[in-house]
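Here is the structure we will look at.
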Amino acid sequence: MSDNWIEVGSLNDIPKQGARVVRTDKGDIAIFRTDADEVFALRDKCPHKGGPLSQGIVHGKRVACPLHDWKIQLDSGDAVAPDEGCAASYPVKMQGEAILLSLTPNEGCPNKQ
Amino acid sequence: MKEKLVVIGNGMAGIRTVEELLKIDPEAYDINVFGAEPYGNYNRIMLSPVLAGEKTIDEIMLNDEQWYVDNGIKLHKGKEVTDIDRKNRKVIASDGTEEEYDRLLIATGSNPFIIPVPGHDLDGVVSFRDIYDVDKMLEASKEHKHAVVIGGGLLGLEAANGLMQQGMSVTVVHLMDKLMERQLDKPAAKMLKQSLEERGMNFLMEAQTESIIGKDRAERIRFKDGSEIYADLVVMAVGIRPNFALAEKAGIHCERGIVVNDTMQTFDPRVYSVGECVQHRGIAYGLVAPLFEMAKVCANHLAKHGIGRYEGTVTSTKLKVTGIDLFSAGDFIGDENTEELVFQDASRGVYRKLVIQNNRIKGAVMYGDTIDGTWYFDLMRDETDISDFRENVLFGQSHLGDSGHGEENRVAALSDDAEICGCNGVCKGDIVKAINDKKLFTLDDVRAHTKASSSCGSCTGLVESLLSHVVGGDHSIAPHLKPLCGCTEHNHDSVREAIVKQDLKSIPDVMKTLNWDTPDGCPKCRTSLNYYLLCAWPGEYTDSGQSRFINERAHANIQNDGTYSVIPRIWGGDTTPDELRAIADVADKYKVKTVHVTGGQRIGLYGLKKEELPGVWSDLSARGLVSGHAYGKSLRTVKTCVGKEWCRFGTQDSTHIGIELEKMTWGSWTPHKFKMAASGCPRNCAEATIKDFGVVCVDSGYELHVGGNGGIKVRATDFLCTVKTEEDVKEYAAAYMQLYRENAHYLERTAPWIERVGLSFVKEKIVEDDEGRKELAERFLYSQKFMQDDPWKERAEGGDKHEFEPLKEVNG
């Protein structure tokens with residue numbers, strides 16, 4: 001796990017049940033905020049056909065990809081069965097209202113690019 | 001301490017209930033299952049194909065033993081429960097095993113009925129109920145030649161077919177003068193008998209068995225009239241009886257089955273019962289279909305989720321004999337109060353009969369081509385009024401005012417690599433494999449696992465047929481009972497009603513009041529609820545952007561590469577050099593990759609990045625252009641021809657009426673997209689008769705057409721009425737749109753909506769009720785007061801900023 005935390009914004013910058021994108025030179029990372037104010041970060045690329053997950057509908061701890069409605073688990077990045085695949089997830093934490101993101105993806109999912 | 005659930009019966013009903021329970025509350029119980037058979041749980045209805053050598057036992061296993069282990073269930077396999085001690089709440093099996101229970105589920109199924117004629121206990125006399133029976137028959141078929149099946153019903157014929165496939169000479173003995181008299185009328189029974197005879201099956205009709213003769217095993221059968229035939233194998237398939245001996249012995253109230261209430265509880269509320277052993281509201285079902293609903297309700301109650309009730313099932317039957325398509329449902333004989341619609345084509349081997357009462361389907365028999373069986377069955381279960389399409393109903397759903405999609409009907413004959421779902425590229429083999437491997441039983445299951453039929457839906461009939469072919473039917477519940485989504489038991493209509501009656505004004509309100517199962521819903525229900533609330537409370541409800549699909553949230557269409565398209569409104573298809581210049585300037589400035597003239601007489605700019613959108617809109621807005629809503633479940637375009645201003649055939653000013661309609665209706669949200677057109681004469685160059693609302697100008701006024709669709713399934717409009725003036729056209733259009741807005745289900749286009757509610761309903765509200773029409777139109781116009789602010793301009797001026805800007809840009 002990385003110690004390189006970057007402040008990317010504050011909780012109020014993202015609507016509840018919404019997401020916004022952090023642009024990096026290695027591609028976009030989507031930062032999600034659930035209805036219960038939990039924050040998650042995933043590679044902004046659906047494992048199915050690369051759809052931008054940040055544009056999907058956030059419900060519970062899941063997001064539905066806008067292209068073909070795959071459901072992706074926000075905490076792990078895994079596709080919800082019966083679909084199979086994953087989007088890399090990134091460490092993210094709150095410091096007060098500030099959202100801190102690490103650009104080193106969590107282990108477990110090969111889809112990092 | 002977890003409570004203990006004991007299940008007696010390891011068949012489809014009992015295990016389906018356990019599966020449903022595990023789905024909703026896996027931690028609720030310690031589960032013990034007793035099964036008299038020495039196997040896991042298998043699909044009993046598929047024993048016929050096993051007997052016919054078309055499937056193996058492995059292929060029909062639903063839950064192997066590992067499944068019980070994986071789910072922490074103790075399976076007492078091969079142990080028959082002999083006593084239920086209700087006082088001490090335990091069950092006792094034949095080998096002395098005892099298990100205590102807090103709740104008990106009895107799913108003992110049914111027993112085959114054996115006619116007690118002399119010789120019925122000889123070796124070589126079997127019933128057709130389980131794997132043991134099938135093994136016996138397969139064994140006999142290897143050594144013996146003459147098989148006699150007593151009983152010409154569904155089961156008997158499937159057994160006879162199987163034995164014939166195994167090389168035996170088979171005679172079916174039937175007491176009645178026609179086969180499958182509980183499912184078929186005379187003509188269908190005759191066609192069936194004929195095709196079975198052509199395959200080599202023999203029949204003895206109206207023959208009553210007197211005795212089975214033989215020394216050590218069956219050799220011959222003697223009939224009441226004194227005649228005899230050879231029989232080294234006798235299969236008794238004359239019917240089944242609910243198996244309630246155990247329950248009765250334990251003092252649980254039984255009549256023709258174990259009597260249960262709507263929550264599947266017996267007279268002892270700790271004891272539940274499901275499947276063929278029960279009697280519910282006076283009915284004991286001898287078919288598999290009801291158990292799916294029973295299991296769901298029972299599991300709900302076991303999980304203490306409360307409100308689900310089983311209210312009975314309307315059943316249908318299909319014969320599982322390869323190459324013979326036969327479907328039957330409901331009352332197919334009729335009486336003095338019913339009428340019949342019959343289609344018969346002997347040389348094509350097709351027969352269809354519908355029994356109708358008050359323009360509702362009461363029953364159906366089909367032989368030969370059964371692809372529309374599911375459709376008739378749905379119409380029957382939903383009690384749909386068919387008067388509007390009565391003249392076409394016998395030809396099937398694909399003849400309902402539409403053309404297109406000449407689909408292959410006989411799925412059984414298709415090869416494994418035949419493409420079923422053209423949208424998602426799913427072949428027959430993929431679907432069959434998924435149904436088998438994943439044990440799928442409903443259309444929704446197949447959609448989730450294979451994506452077949454999940455996009456445009458035009459292959460739904462084929463997928464349903466495949467389900468029938470592989471597992472004996474689509475076991476979905478009646479459409480009108482289908483919940484809105486997995487988050488709730490409520491359906492579209494009941495949710496809409498509750499919103500209005502209970503004054504519910506926000507999505508969380510609805511979810512709380514109607515006891516949603518999920519904390520904040522799913523994409524399906526949230527988008528529906530957002531629309532329903534918007535429609536019910538115009539000016540009051542605050543739109544929930546996060547409950548809208550991205551296109552509507554961002555007011556642009558997402559493309560497959562994640563870029564967006566921008567399509568400004570071009571009123572009635574009329575444009576000006578200034579507008580064209582404005583569009584061209586934007587295209588230049590933003591280096592738009594593709595500029596495309598759309599099917600709706602507009603110009604689309606494709607390939608824009610999301611963060612460019614506000615800038616594009618700002619430029620367009622400054623030159624007077626507004627959003628075309630080409631991305632929304634909303635009014636799209638009003639297509640027109642130039643009409644009488646230019647055209648030598650034009651009868652009215654169709655361009656003008658088109659512009660007027662678009663000015664009136666733009667910005668309105670609807671259950672699904674809504675397209676209009678106005679043609680200046682019956683040559684109909686604007687293609688008004690495939691639009692949701694179409695105007696065809698005639699010399700005397702304006703013909704109004706509704707419910708057309710040029711998309712997946714081409715459907716020509718239904719003619720609504722003719723009106724005199726432009727003002728009339730506008731009033732009728734507003735009223736019709738409002739009726740659709742208030743009545744249709746979310747994501748239901750006007751074409752299927754009209755097929756569901758009937759054109760008569762629409763005419764009654766719009767044409768026959770002047771007062772009602774005016775009120776509808778007024779409600780529409782009132783709602784429009786809040787809808788006609790250009791969403792692009794708002795966002796160009798900084799609205800919803802977070803939607804269009806990245807949170808941050810970082811390096812590394």
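Where a number appears in this text, it was derived from the coordinates with a stated rule and is not lab data. Because the structure is a prediction, the values reported are computed rather than measured. Methodologically, a virtual Cβ is constructed for each residue, glycine included, from the backbone with ideal geometry; neighbour enumeration extends over all protein chains shown.
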Angle check, please: helix B:460-471 long axis (alpha carbons) against the longest principal axis of chain B (alpha carbons), in degrees 0 to 90, nearest 10. 20 degrees
At what distance in angstrom do the alpha carbon centres of segment B:529-549 and segment B:671-726 lie from each other? 29 Å
Using the alpha-carbon atoms, what tilt in degrees (0 to 90, nearest 10) does helix B:613-622 show relative to the longest principal axis of chain B? 40 degrees
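Evaluate E = 1/(1 + (r/R0)^6) for A:His68 and B:Lys774, where r is the Cβ-Cβ distance and R0 equals 41 Å; express this FRET efficiency to the nearest 0.05. Before the final figure, lay out each step's value.
On the way: r = 44 Å, r/R0 = 1.07.
According to the calculation, E is roughly 0.40.
Considering only Cα-Cα distances, which of the following residue pairs are longer than 21 Å: B:Lys2/B:Lys77; B:Lys4/B:Lys296; B:Lys2/B:Lys23; B:Lys55/B:Lys142?
Numbers: B:Lys2/B:Lys77 23 Å; B:Lys4/B:Lys296 19 Å; B:Lys2/B:Lys23 17 Å; B:Lys55/B:Lys142 18 Å.
Listed pairs above 21 Å: B:Lys2/B:Lys77.
Computed over the Cα atoms, what is the radius of gyration of segment B:635-784 divided by 2.2 N^0.38 Å, N being its residue count? Don't skip to the end; give the middle numbers.
Values: Rg = 14.0 Å, N = 150, 2.2 N^0.38 = 14.8 Å.
In units of the globular-protein estimate, segment B:635-784 measures up at 0.95.
Rounded to the nearest 0.05, what FRET efficiency do B:Ile131 and B:Asp517 have when you use their Cβ-Cβ distance and R0 = 41 Å? Walk me through the intermediate numbers first.
Numbers: r = 37 Å, r/R0 = 0.91.
Result of the calculation: an efficiency of 0.65.
Got a sec? How would B:Arg309, B:Arg348, B:Arg526, B:Arg86 order by Cβ neighbour count within 10 Å, fewest to most? It would help to have the intermediate numbers written out before the result.
Numbers: B:Arg309 13, B:Arg348 9, B:Arg526 27, B:Arg86 16.
With the sparsest Cβ surroundings first, the list reads B:Arg348, B:Arg309, B:Arg86, B:Arg526.
Could you work out, residue by residue across B:712-723, how many beta carbons of other chains sit within 10 Å of that residue's beta carbon, and then give the average as an integer? Let's see the in-between values first.
Working: counts 0, 0, 0, 0, 0, 0, 0, 0, 0, 0, 0, 0.
So the per-residue partner count for this stretch is 0.
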What translational diffusion coefficient, in µm²/s and rounded to a whole number, does the Stokes-Einstein relation yield for segment A:39-85 at 4 °C and a viscosity of 1.567 mPa s, taking the hydrodynamic radius as the Kirkwood radius over Cα pairs? 128 µm²/s
Can you compute the modelled spin-label distance between B:Asp699 and B:Glu764, with each label point 7 Å from Cα toward Cβ, in nm? 3.7 nm
For segment B:136-177, list residues with backbone N below 16 Å from a point placed 7 Å from the Cα of B:Phe223 toward its Cβ? B:147-153, B:170-177
Cα gyration tensor category, rounded, prolate or oblate, for segment B:551-622 with a/c compared to 1.5: prolate
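Could you tell me how many cubic angstrom of Cα convex hull volume segment B:411-480 has per residue? Walk me through the numbers on the way to the answer.
Values: hull volume 5.3 nm³, N = 70.
Hull volume normalised by residue count: 76 Å³.
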Quick check: from the Cα gyration tensor, does chain B come out rounded (a/c under 1.5), prolate or oblate? prolate
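Using 0.36 nm per residue of separation minus the Cα-Cα distance, give me the extension gain between B:Asp416 and B:Lys90 in nm, one decimal.
On the way: separation 326, 0.36 × 326 = 117.36 nm, distance 5.00 nm.
That works out to 112.4 nm of additional length.
Among B:Asp268, B:Asp133, A:Asp44, which comes first, then next, by fewest other beta-carbon atoms within 10 Å?
On the way: B:Asp268 16, B:Asp133 19, A:Asp44 23.
Final ranking by Cβ density, sparse to dense: B:Asp268, B:Asp133, A:Asp44.
Shape verdict for segment B:246-301, please, from the Cα gyration tensor: rounded (a/c under 1.5), prolate (a/b greater than b/c) or oblate. Present the calculation step by step, with values, prior to reporting the outcome.
Working: a/c = 1.99, a/b = 1.24, b/c = 1.61.
Since a/c reaches 1.5 but b/c is at least a/b, the shape of segment B:246-301 is classed as oblate.
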How big is the gap, in Å, between the Cα center of segment B:796-812 and the Cα center of segment B:256-320? 55 Å
Let me test this: with uniform point scatterers at the alpha carbons of segment A:5-102, what is the Debye-based log₁₀ I(q)/I(0) at q = 0.17, 0.24 1/Å? -0.64, -1.25
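Do you know the Lys pair count in segment A:5-102 for C-alpha distances under 14 Å, with sequence separation 8 or more or different chains?
On the way: A:Lys16/A:Lys61; A:Lys26/A:Lys45; A:Lys45/A:Lys71; A:Lys49/A:Lys71; A:Lys61/A:Lys71.
For segment A:5-102, the number of qualifying lysine pairs is 5.
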With both bridge residues required to lie in chain B, what share of the DSSP beta bridges run antiparallel, to the nearest 5%? 60 percent
Euclidean distance of C-alpha centroids, segment B:622-643 and segment B:730-775, integer Å: 22 Å
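Short version: what are the Cα gyration tensor semi-axes of segment B:696-812, square root of 5 times each eigenvalue, largest first, in whole Å?
Over the Cα atoms of segment B:696-812, the semi-axes work out to 37, 19, 14 Å.
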Would you mind checking segment B:227-256 for residues with the amide N under 19 Å from a putative spin-label position 7 Å along Cα→C-beta of B:Asp123? B:231-236
Gain in length, B:Asn202 to B:Arg348, computed as 0.36 nm per residue apart minus the alpha-carbon separation, to one decimal in nm? 50.2 nm
May I ask you to list the aspartates and glutamates whose Cα is less than 12 Å away from that of B:Lys675, ignoring any residue fewer than eight positions away on the same chain? B:Glu662, B:Glu687, B:Asp692
Computed E for B:Thr722/B:Asp789 - FRET, C-beta separation, R0 41 angstrom, nearest 0.05: 0.70
In whole Å, largest first, the alpha carbons of the protein assembly as shown cover along the principal axes 102, 77, 49
How big is Rg to Rh over segment B:483-548, alpha-carbon atoms, Rh as the Kirkwood inverse-mean-distance radius? 0.91
Sort B:Met511, B:Met236 so that the residue with the fewest other Cβ atoms within 10 Å of its own Cβ comes first and the one with the most comes last. B:Met511, B:Met236
Treating the angle as unsigned and between 0 and 90°, give the value, to the nearest 10°, between the Cα long axis of helix B:770-784 and the longest Cα principal axis of chain B. 70 degrees
What distance in nm separates the simple spin-label points at B:Glu65 and A:Thr104, each placed 7 Å from Cα in the Cβ direction? 4.8 nm
Given points 7 Å out from each Cα along the Cα-Cβ axis, report the B:Ala478 to B:Glu143 separation in nanometres with one decimal. 5.1 nm
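Looking at the protein assembly as shown, what % of its DSSP beta bridges pair antiparallel, to the nearest 5?
Numbers: 103 of 150 bridges.
Taking every DSSP beta bridge within the protein assembly as shown, about 70 percent pair in antiparallel fashion.
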Roughly what % antiparallel, to the nearest 5, for the DSSP beta bridges in segment B:577-704? 55 percent
Rounded to the nearest 500 deg cm²/dmol, what is the calculated helix-only ellipticity per residue at 222 nm for chain B, with -39500 (n - 2.57) per DSSP H run of length n ≥ 4? -9000 deg cm²/dmol
The summed charge of the B:Asn358 Cβ neighbourhood (under 11 Å; Lys/Arg +1, Asp/Glu -1) stands at -1
Taking beta carbons within 10 Å but only from partner chains, what does the mean come to for residues A:57-70? 5
